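Peer 1: This is the structure I have questions about; it appears just below.
The values are calculated or read from the model by the stated rules, or taken from the named source; none is laboratory data. A quick note: this is a predicted structure, and the numbers were derived from the prediction, not measured. Note that we place each Cβ from the backbone using ideal geometry, even for glycine, and neighbour counts take in every protein chain shown.
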Amino acid sequence: MAAATGSLWSRISLCSRANSALNSHQNTTAFNRSLYRQYVSSVTQSAAFLMKQQGKRRKYNEKPEKVQHWRAKNPYGAVRLKIDTIDWPSVFTGAQSYNPATIPIFFRMGRMKQNKPGFRLPRKAQGNLELMKVPNFFHLTPPAIERHCEALKPLCSEWPHTLDLSSVPLRVTTKNYLFAGPSLYHPGSRIVKLQVYLKDLVLDDHSRKKLIELAEDRYDPETEELTIVTDRCPTRKQNRDYAMYLLTVLYHESWKTEPWETEASNEEEESDDEDDEILETKKKRRKNPKRLKLVDGVLYRVNQYGKYFKLFINEKF
């Protein structure tokens with residue numbers, strides 16, 4: 001009985017061991033299968049990605065060739081222009097940005113790649129945004145300017161040859177600016193210059209002298225002309241009125257005589273007399289008088305700084 005039970009338990013243990021071994025084998029095979037599936041999926045994904053990249057590169061390499069063929073078949077309008085027979089003012093009518101399709105001048109603009117000379121040339125004119133930023137004057141060619149002048153001639157009149165500006169007592173000068181762009185304002189158009197000769201004003205000696213002193217550098221002593229330039233106000237009309245106001249104030253102030261002016265004139269006369277006397281005395285004096293001094297029987301010359309120099313007298317027989 002005991003032997004039978006021992007054999008039974010041994011059989012049960014063998015069966016359990018076999019079942020555990022079978023289960024472990026099944027688990028390892030399932031794990032290996034999952035790893036294999038993951039590996040296959042990753043390989044297929046990488047292969048698909050590489051095939052897409054190769055296709056894109058192939059298309060990118062083929063695109064410039066297609067563009068070059070298209071450009072060769074359809075060149076820009078500037079290439080087809082006949083420079084000898086073309087009417088340029090009608091092509092480039094006004095101020096506009098650079099257009100490589102209409103301007104028969106081909107050049108490059110921009111910096112080289114990596115700032116290395118010879119590595120790569122600057123960008124061409126086609127599709128170059130830098131050229132669009134730079135203003136140009138292709139609309140102001142000599143033929144275009146000549147046409148403008150011919151169109152403006154009927155509207156102009158000849159300058160009067162008999163006009164003498166010296167006979168005009170009061171002259172007001174302003175400047176008008178013409179623009180081809182959208183902005184029509186120029187800061188120099190508000191400046192007003194007023195000119196008048198002192199001989200055309202009613203002045204005596206006192207008022208003339210006082211007006212010259214008040215005007216300072218605005219008076220030209222060679223032509224005896226007074227020039228007033230105003231640019232403080234924002235509009236031309238305001239500057240013109242201000243210039244007329246300044247001239248009026250200068251004229252009326254020059255005719256006024258203050259009490260201190262008589263005293264100042266007397267002092268000026270006295271100072272002028274003293275200056276004349278000093279000049280006369282200086283003329284009489286020697287320019288560089290030598291100061292001599294005898295020391296122990298030796299003659300010395302003393303300069304302006306008090307330094308002594310021994311004098312030697314040459315005696316010729």
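Peer 1: When you look at L178, is it under 30 Å from P89 (Cβ atoms) and out of contact with any helix residue (DSSP H, G or I) (no Cβ under 8 Å at 6 or more places or on another chain), yes or no?
Peer 2: Yes.
Peer 1: Got at least one residue in the stretch 86-102 being in contact with a strand residue (DSSP E or B) (Cβ under 8 Å, 6 or more places away or on another chain), modelled with pLDDT of 80 or more and polar (S, T, N, Q)?
Peer 2: no
Peer 1: Then there's this: Can you name the residue in the stretch 141-179 that is of a type in the set (A, V, I, L, M, F, W, C) and in a helix (DSSP H, G or I) and, of all such residues, is nearest to L194 (Cα to Cα)?
Peer 2: Across the stretch 141-179, the extreme among qualifying residues is L165.
Peer 1: Please give the helices (runs of 4 or more DSSP H) falling wholly within the stretch 184-297 in which 2 or more residues are under 30 Å from T174 (Cβ atoms) and either under 45 Å from the mean Cα position of the chain (by Cα) or modelled with pLDDT under 70 (or both).
Peer 2: 205-215, 236-255
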